[in-house]
């Protein structure tokens, strides 16, 4: 069985995989949003998703440690490592203390921030292409917009997890305002609308200038979100 | 070194478990045995800690022979042992001062 599902929050994906394993479908591989499943005894496995140090390959030390602790390495896609273990009395957890959980989620947030910045640059380039009348850009823009929204949602959720962990660890909560900036989102959305109605409505140029202004203000206001080097 | 003290509980026990050559799974088992199952290191936590400790040169790879089938073992270094002793001194001070509480009858 093959299922398609984009992974943008690992906690959701783990819950989903565990649910399917409970129903008798064991995930055995992942590639670019396509998840491969084999049948299994219901509840035979528990799943985990880890983050690799590097985009390419995974170290022998890592594989050896996983094998020794009864964890099966299923594969790797980008930075994500897919693992499973035969279900036992102990829940399958990769991180056992607050410090390492914190480091793990901070690493995830860092990668999503970098990815979000890259997507935002793509979005602006596609907007320029659309303004020049390149047809394809009209279809690509909404897709990029959805990806950006998903990434911002992940960053916001990861922020909340990190804040909780810091609190458990007795560290002061981060005073900086976090989360997706509404002005930026409004700007992105307005820009899409302006482009879509470009040929039909006369005031679309005004709308687009307003969108550009909103996006610039939004980026300025969310400069703290886009500051991965703070982590 | 000051910055590394206090050690986290996981690091404290990992350093203790590599006072003699030990491999990853051996570390998990020993720490679990020492704490009566209270501290069970997650594989991700241990992997990250080993990477960090090797980088800091508090532990080092140890191999008695060149047999590649043998599991990779780790051993504490002089710097690691010093950090552990500094932490032990800090904990002893805590315990010593904790004894003052005995003056209180509640």
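The values are calculated or read from the model by the stated rules, or taken from the named source; none is laboratory data. Because the structure is a prediction, the values reported are computed rather than measured. Don't worry about glycine lacking a Cβ; one is built from the backbone with ideal geometry, like all the others, and counts go over all protein chains shown.
Taking first residues from segment A:42-62 that are more than 9 Å from chain B (Cβ to nearest Cβ) and partners that are at pLDDT below 90 and exposed (fewer than 14 other Cβ atoms within 10 Å of the Cβ), no Cβ contact under 6 Å between residues at least 6 apart in sequence or on separate chains turns up. Residues in segment A:70-114 that are on the phi < 0 side of the Ramachandran plot, part of a loop (DSSP other than H, G, I, E, B) and more than 8 Å from every other protein chain (Cβ to nearest Cβ): A:79, A:87, A:88, A:89, A:91, A:92.
Among the residues of segment B:43-58, those that are touching a strand residue (DSSP E or B) at 6+ places or on another chain (Cβ under 7 Å) and facing chain A (nearest Cβ under 7 Å) comprise B:43, B:44.
Inspection of segment A:139-154 identifies no residue that is within 14 Å of chain B (Cβ to nearest Cβ) and in contact with a helix residue (DSSP H, G or I) (Cβ under 9 Å, 6 or more places away or on another chain). When every residue of segment A:51-63 is checked against the conditions, none turns out to be assigned to a loop (DSSP other than H, G, I, E, B) and over 29 Å from residue B:61 (Cβ atoms). Please enumerate the residues belonging to segment B:26-42 that are buried (at least 19 other Cβ atoms within 10 Å of the Cβ) and at the interface with chain A (Cβ under 7 Å from one of its Cβ atoms). Correct list: B:28, B:41, B:42. The conditions of being surrounded by 14 or more Cβ atoms within 10 Å (Cβ to Cβ), modelled with pLDDT under 95 and assigned to a helix (DSSP H, G or I) are met by residue B:51. Answer with yes or no whether residue B:82 is in contact with a helix residue (DSSP H, G or I) (Cβ under 7 Å, 6 or more places away or on another chain) and in a helix (DSSP H, G or I). It is false that residue B:82 is in contact with a helix residue (DSSP H, G or I) (Cβ under 7 Å, 6 or more places away or on another chain) and in a helix (DSSP H, G or I).
Just one of (1) assigned to a strand (DSSP E or B); (2) under 24 Å from residue A:103 (Cα atoms) fails for residue A:11. It is (1).
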